[in-house]
Amino acid sequence: MAVIGAGVAGASVALGLAREGARPLLLEAGGPATGGAGGDGLVRIGIDESPARLADAVGRQRAASVVAASVRGAAGLAAIADAAGVAIRRGGTVALAESAEEAALLARDAAVLTAGGATAVMLSAADARARAGGLGERFVGGMLVEDELVVDPGALLAALRAEAVAAGAELVPSATVIGTLDRSDGRIELRLAHDAAPVRAELVVVAAGAESGSVDRTHRDSVWLVRHQLRRYRRRGPLPASAPPAGSRNHGIERWLVPAGGAGDEVVVSGLRWIEGRAGIGERDRAPSPRIGEALDRLAREWLGELLTEAAPAAEWVTFCAHGCDGLPLVGGAPGQPRRLVIAGFGRSDLALPHALGLAMAAEIGGAPRAPGSPLGLFAPSRMV
């Protein structure tokens, strides 16, 4: 068995397969210390979409099953991080509402999160403003999700890979898969870049994020890239180091207040931009865009006002994440190709949920029946046909 991509999704599948007694190859295009994992380190519950809006689209029971899987995934990753000595900021995260409409949506979100076993607590306007650390009277409420975590994503991914290798998986770094071919003997041949010897496997799991369509053309139009540009600013006035990150997001913009302790605290402002799967030259450039940076500056000044310590950001960076073209991840067998599976398209929610679903996928590959209430059916690639 071969797993293409050693991010959280791929490493979790490999870990699950190894626990089932298999010896999967875990192929990573980068080096042993590279790969995708939660660019901002937030271990989110659910998917990027509002839990209430997801429930409106697929039904409350299915939306709750996504939440339940995420809760299990977050707990599993926390256990791996603890065992490896990776620091975790516990205490949850706070979503802030700036209008009555946003507060009402958060209340609906909290109901779906609670139905899925998460701990979601609605906050009064006074509590929300206190957690926002003097950012003004604009907040009318908020929601604390206690199950969400903050972690160093690179350190967490390294610990997860080490766990998979210890269980029996073989990590193969610098293995760039450029195509697949069905052989007459029933196996699948993986063609590697740089004239490396091909790999042959009886079953292949594609977990290559936004590159999944390049690896297996079946998913070329189903998994799209999203560019995520972030700027970090310093604000006056520290918050308690134990305070949970607090922020808001809408229309592709996120703003997070991250307690840093010491003389001041950080505010991370970020913007997202969809990039169609066959992006043109330069679309995948990791150099920050000055135009997007100017827009983020305006948002930072609007949010911080006099609390902004200096006009220039303290740091700026770009990450990329993969989304299913309908906003949902793809998890399961490719239509008509049961030996080719995919797990990709989790967007920014690329830690807790893919860990849980990767382990669930591995269990099904090993012959286990699908667990009652599993959300795997919701994310089946067959919905794209």
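Of note:
- Gap separating the Cα centres of the stretch 46-99 and the stretch 307-345, nearest whole Å: 16
- Amide H contacts under 5 Å for Ala97, placed H, 5+ residues apart: Val140, Gly141, Gly142
- Fully extending the segment from Asp127 to Leu308, taken as 0.36 nm per residue of separation minus the present Cα-Cα distance, adds 62.9 nm.
- Taking a sphere under 12 Å around the Cβ of Val206 and counting the other residues whose Cβ falls inside, with K and R at +1 and D and E at -1, yields a net charge of +2.
- Label-reachable residues, the stretch 146-183, where backbone N falls under 15 Å from a point 7 Å from Asp82's Cα toward its Cβ: 147-150
- Net charge, Gly373 excluded, C-beta distance under 12 Å - Lys, Arg +1, Asp, Glu -1: +3
- Panel order for Arg161, Arg131, by other beta carbons found within 10 Å of each beta carbon, from fewest to most: Arg131, Arg161.
- Taking a ≥ b ≥ c as the square roots of the eigenvalues of the Cα gyration tensor, the stretch 114-157 is oblate, since a/c reaches 1.5 or more and a/b is not larger than b/c.
- Here the chain is treated with +1 on each Lys and Arg Cβ and -1 on each Asp and Glu Cβ, and its dipole about the Cα centre works out to around 240 debye.
- Shape call, the stretch 33-162: gyration tensor on alpha carbons, a/c limit 1.5: oblate
- In terms of other Cβ atoms within 10 Å, Met1, Met361 run from fewest to most in the order Met1, Met361.
- Computed label-point distance, nm, for sites Glu170 and Ala57 using a 7 Å Cα→Cβ extension: 4.0
- At R0 = 22 Å, FRET efficiency that the Cβ-Cβ distance of Arg220 and Arg183 yields, to 0.05: 0.55
- Ranked Arg291, Arg301, criterion: other C-beta atoms within 10 Å, fewest first: Arg291, Arg301
Laboratory data are not the source of any read-out in this text; all were calculated from the coordinates shown. Just so we're clear, the structure is a prediction, and the values are computed from it rather than from any experiment. Reconstructed Cβ throughout: ideal geometry from the backbone, glycine too, with neighbour counts over all protein chains shown.
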